[in-house]
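The values are calculated or read from the model by the stated rules, or taken from the named source; none is laboratory data. Owing to the predicted nature of the structure, the values given are computational and were not obtained by experimental measurement. As a convention, Cβ positions derive from the backbone with ideal geometry for all residues, glycine included, and neighbour counts pool all protein chains shown.
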Amino acid sequence: MTLLECRNVGMKFGGAAALTAVSISAEAGVITGLIGPNGAGKTTMFNCITGLLEPTSGEVMLDGADITKLAPFRRARLGVARTFQRLELFTSLSVRDNIRVAGEIRSRWSKDKGKSDTQAEAEHIIELLGLSGLADRDVAEIPTGMARRVEMGRALMTRPRILLLDEPASGQDEQETEEFGELLLHVRDEGTAILLVEHDVSLVMKVCSFIQVLDFGCLIASGSPAEIQTNPAVLEAYLGEDHSA
Amino acid sequence: MQDFLAYTVLGLCLGSVYAIAATGLVVTYSTSGVFNIAHGAVATMSALFYWQLRFDWHAPAPIAIFLTVCVFAPLLGLVLEVVVMRGLRGTSEVTRLVTPVAVLLGINGAATWIWFRSSNRALVPKKFFGESNVKVLGQAVYYHQIIGVLLSIVIAGALYVLLYRTRLGVTMRATVDDRSLLMLNGGRPDRVSMASWAIGASLAGLAGVLLSPQLGALQVFALTLLVFDAYPAAVAGRLRSVPLTYVGAMVLGLSKLYFDWISDAGQRWLVLRNLRNAIPALLLFGALLLLPQDRLRGAIVTRTRERFRVPTMREAVLWGGVLVAAMAMLQSIMSGSAVISLANGVALSLMALSLVLLTGYAGEINLAVFTFAGVAVIAAWQFDVGPTGLATQKSLSVGAVLLAMCVCSLVGGLIALPALRLRGLYLGLATFAFGIIVYQLVILQTQPLHFNIFGGKFTVNLFTNGSLTVPRPHWFGINFAGQRAFLMLMTVLFAVLGIGIIAIRRSAYGRMIVAMKDSPAACATLGLNLTRLKLGVFMVSSAIAGLAGLMWAAERRTLPNNADFDGFQSLLLFMIAVVGGIGYVSGAFIAGIFLSVLSVVMPDVFDKLGSDYPSLHWLFVTVLGNFSHYVGPALVGIGLGKNPSGIAQQIMDGFRPLKKAPGATAIWVAAIVVLWAATWRGAVSNWHFSLISVGSLFIVPRIIMSVFEDRFAEEERAVAGEDLDLIGIDRAFRSSDRQVLDTALGLPAGPSGGVE
Ligand SMILES: Nc1ncnc2c1ncn2[C@@H]1O[C@H](COP(=O)(O)OP(=O)(O)OP(=O)(O)O)[C@@H](O)[C@H]1O
Ligand SMILES: [Mg+2]
């Protein structure tokens, strides 16, 4: 089932087009990859999906409903959560409180108010993300890789239907990335769809069942990991013209 | 028709001078990202300097104008840039807003000190070429005004070319966006920044000289306010566009003059008499609301240097108790006049407390705190007014207090509503404009307003007779009319409210508002409705401000309507609250006491010293006393760039050693209590008591540090041994870091073993 669908989304900054009629989608229950070289428009796409930017053209559909004009907080309440490439942590709060406050925000709007125990849930997520040792630290002083996990934990606290991750593995070392891949699969198995932007190609190839590739604001390819790996357009975009010659 | 043309001509003349002032603001903002609120003060200082040269020392006009506009004002701008504004990099929006406020108050304080300290002589500037004029479209226009128009055209044109057509200009505009990028490209941001501040100040100076004849006799704050009138024009240009600013300035000038036209120079509608003075503020408010909406912002500065700790509830209650106990002990040995200063300070602390919630926690700004005090007083006054009003009441009733809080909360919600999407500087300006509007249209209004609603007649009494008298409470069977009792009431109120605010901060609600401050974008993507949250915070903090304002008014007893509401007091309080430590309840307390001490107590102390030692009178009274009175508060604000987390934080850091030596600390506290008892019995004078106890505050932590050196050395070592990765890289690289790195990399230790 298609959970998230972007139809012909275009975004212009002044005269420069960051996205030109891009149509991408994400299925429920799987991890979908969104890759592309620097400046391809991946983060811009995320901003259009979450409502931080209003696309200049096109529609964003969630589960068949048009959410293009909705305020960011309404989209979040419909089940769209994200992390940020440029970290947006709550720097005045500890790691634990960053995650906890997300649950508290959720309990303000979610219908199953009161029933959930945010504190216990936060502890569970901290455990799950391997942040137990850092829980009482200021988020400002933990390493970037861990900070990205905090952002992910925060997003998970809203119990999203789809989670948008913007380069979550950057700043994590090889072994941490390995664990992180397992974690993504676990989250997926719990029923959360994931749209993953990531430069670590091996991670993407490992966890994604479907991959879409952006370059210069256009969708240039989509398919299974195996197809993408051999797609000439993708190779050209990543390796430059030398390769195609 | 003839009138219309005449007023149009005059409006354009006025607009031209506004344009000069406003483009100056645009130059500094578009290159440094600092909105120089002190622009008006630079203009004032320059106008006074010009007056000094031209009319006191009788220098020829061209020389005087050259020295003022091309030497004095630019130098002032340069000094500001180098000494103050440079320190603001990497600080929060609040700090970047407050520091220019401090500069404003400092310059104005200095100007008052230099020119208006004692003599009552009137400083009267004249127009260039006196009263010579020509007829334009039937309207006599002074040469002075024509000069203004011509200069404004030349300046706007020159700036346009400079900013948009030259390499330097492009560099200047790039500086604000990304300094480091500019440096990588070989730009010299420091020089560019200095140049822009010099140009901006020079334009302020010119505008000041051109505007000053309007006033008749020069007055520091009146002239500053006159230049403030130009600010909406800069906002209309989004602080960046010279052409839009120019248009905005013309609209401003014309609106003022057209108002004169249709209102018969203010004679037609008496209730709206002050509307003319409120026009710039109204336009500012309007311009801010109509500005294209910014998208949700993420954290602009990824790491600001401010960081506030949150006390536990136990600590909060403990310190609240300590505060009340210490105050009770202190007031019992203080003289009556000292109690008055202290009560004044605590009243201001209460007002500052509303800012801890609003600004310290939620990151929103209110530059009109005193306006809420005024609104609270008017609201309380309506409660059981009777034929003679509140003044004849023996006690401030609880009902009146509740009404005042409700009204303030509603008013807070009302300004917050349109201003909700504004942030930082723009929100600050909007609240400031709101304060001016209320001041001109409501607080200065002396006639009662009569309303006919639903057939019933309502009368709203404002500041009838130009002042209101607020009685003190008589609650829980205790009469708080006496100075000491009222001081204790306010102290207890502060402790209770402070504990309440800390409780809010530690609750889920508190975490949400802090999260909203840190990253609105992230909050929205978690499903938080920012609008509602902000509205709530504004309303709660306005209610606190109302309560505090009422206490402050009751402390004063009689409140004139023209002293504290013109905006500067609110600016000063906001600034001092930030200096005290806007993220701390203790910061609010320090702020109020500090303000009272610096502007009242220190001058008194120096006065006493001056009369005790007549031969040093000039040093104590003329220099030190005046200094602490006029520029003291501003100076501490200017120092903010160095320590943006405020005094409260510094004090806490200073006293940290005490925690490690509880025994010694207990002895010290006991010694002070004994000293207090001796003072109370009259064995020690309270002068000596304060000298010894205040002195010990500074000395004892040092002594403990040196006596228990070994305990602290351990701590340092622990820090040095920390995992580098976990520290992150938000501080300079130290040699100890290198050792850690070396060890981690398995390199041989020692100075020669490092990697180069
Ligand atoms: N707010 C903005 N204003 C102007 N241009 C922008 C803005 N945001 C992004 N762009 C431009 O849009 C293009 C796409 O940027 P985007 O950040 O979406 O790329 P990305 O695929 O996320 O790249 P990366 O892998 O480096 O994160 C870039 O050329 C960028 O310069
Ligand atoms: Mg990106």
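Can you tell which of A:GLY29, A:GLY36 is in contact (Cβ under 8 Å) with a residue 12 or more places away in the chain and within 16 Å of ligand 2 (Cβ to nearest atom)?
A:GLY36
Evaluated against (1) within 14 Å of chain B (Cβ to nearest Cβ); (2) away from ligand 1 (no atom under 16 Å from the Cβ), A:THR2 falls short on exactly one condition, (1). Residue count for segment A:22-57, restricted to those that are more than 8 Å from ligand 1 (Cβ to nearest atom), part of a loop (DSSP other than H, G, I, E, B) and more than 14 Å from chain B (Cβ to nearest Cβ): 3. Among the residues of segment B:40-92, those identified as over 27 Å from the mean Cα position of the chain (by Cα) and closer than 26 Å to B:VAL192 by Cα are B:ILE65, B:PHE66, B:LEU67, B:THR68, B:VAL69, B:CYS70, B:VAL71. Regarding A:GLU151, is this residue of a type in the set (Asp, Glu), over 24 Å from A:ARG77 (Cβ atoms), buried (at least 19 other Cβ atoms within 10 Å of the Cβ) and within 16 Å of ligand 1 (Cβ to nearest atom)? No, not satisfied.
Inspect all residues belonging to segment A:11-21 and state whether any of them is more than 16 Å from ligand 1 (Cβ to nearest atom), more than 14 Å from chain B (Cβ to nearest Cβ), surrounded by fewer than 16 Cβ atoms within 10 Å (Cβ to Cβ) and modelled with pLDDT under 95. Scanning segment A:11-21, I find no residue that is more than 16 Å from ligand 1 (Cβ to nearest atom), more than 14 Å from chain B (Cβ to nearest Cβ), surrounded by fewer than 16 Cβ atoms within 10 Å (Cβ to Cβ) and modelled with pLDDT under 95, so the answer is no.
When segment A:58-69 is limited to residues that are part of a loop (DSSP other than H, G, I, E, B) and surrounded by 18 or more Cβ atoms within 10 Å (Cβ to Cβ), the one that is nearest to the other protein chains (Cβ to nearest Cβ) turns out to be A:ILE67.
Against the numbered list (1) within 16 Å of ligand 1 (Cβ to nearest atom); (2) buried (at least 22 other Cβ atoms within 10 Å of the Cβ); (3) more than 12 Å from chain B (Cβ to nearest Cβ), A:GLU167 comes up short only at (2).
Scanning segment A:102-114 for residues that are touching a residue at least 24 places away in the same chain (Cβ under 8 Å), at the interface with another protein chain (Cβ under 8 Å from one of its Cβ atoms) and closer than 25 Å to B:GLY360 by Cβ, we see that the one that is farthest from the chain's Cα centre (by Cα) is A:ILE105.
Does segment A:230-243 include one or more residues that are assigned by TED's automatic domain parsing to the domain that holds A:ALA40, surrounded by 19 or more Cβ atoms within 10 Å (Cβ to Cβ) and modelled with pLDDT of 90 or more? There is no residue in segment A:230-243 that is assigned by TED's automatic domain parsing to the domain that holds A:ALA40, surrounded by 19 or more Cβ atoms within 10 Å (Cβ to Cβ) and modelled with pLDDT of 90 or more.
The residues of segment A:82-124 that are buried (at least 24 other Cβ atoms within 10 Å of the Cβ), part of a loop (DSSP other than H, G, I, E, B) and within 16 Å of ligand 1 (Cβ to nearest atom), listed by number, are A:THR83, A:PHE84.
On the basis of being away from ligand 2 (no atom under 16 Å from the Cβ), over 14 Å from A:LEU156 (Cα atoms), surrounded by 19 or more Cβ atoms within 10 Å (Cβ to Cβ) and within 20 Å of the chain's Cα centre (by Cα), does A:ARG75 make the cut?
yes
Is it fair to say A:GLY51 is more than 16 Å from ligand 2 (Cβ to nearest atom), within 19 Å of A:VAL213 (Cα to Cα) and either touching a Lys or Arg at 6+ places or on another chain (Cβ under 9 Å) or modelled with pLDDT of 95 or more (or both)? So A:GLY51 does not fit the description; no.
Among residues of segment B:225-284 being farther than 13 Å from B:GLY15 by Cβ, part of a loop (DSSP other than H, G, I, E, B) and touching a residue at least 24 places away in the same chain (Cβ under 8 Å), the one that is farthest from the chain's Cα centre (by Cα) is B:SER241.
Pairing each residue of segment B:616-637 that is closer than 14 Å to B:ALA110 by Cβ and not assigned by TED's automatic domain parsing to the domain that holds B:LEU105 with any residue that is of a type outside the set (Asp, Glu) and not in a helix (DSSP H, G or I), provided the two are 6+ apart or on different chains, yields C-beta distances under 7 Å for B:ASN626/B:ARG117. Number of residues in segment A:85-97 that are within 28 Å of A:GLY29 (Cβ to Cβ) and more than 7 Å from chain B (Cβ to nearest Cβ): the value is 1. Where strands (runs of 3 or more DSSP E) fall wholly inside segment B:421-473, the ranges with 2 or more residues that are of a type in the set (S, T, N, Q), touching a residue at least 12 places away in the same chain (Cβ under 8 Å) and closer than 25 Å to B:GLY399 by Cα are B:467-469.
For A:ARG75, are the conditions met, namely being assigned to a helix (DSSP H, G or I), in contact (Cβ under 8 Å) with a residue 24 or more places away in the chain and within 11 Å of chain B (Cβ to nearest Cβ)? Give the derivation first.
Details: assigned to a helix (DSSP H, G or I): yes; in contact (Cβ under 8 Å) with a residue 24 or more places away in the chain: yes; within 11 Å of chain B (Cβ to nearest Cβ): yes.
Criteria met by A:ARG75.
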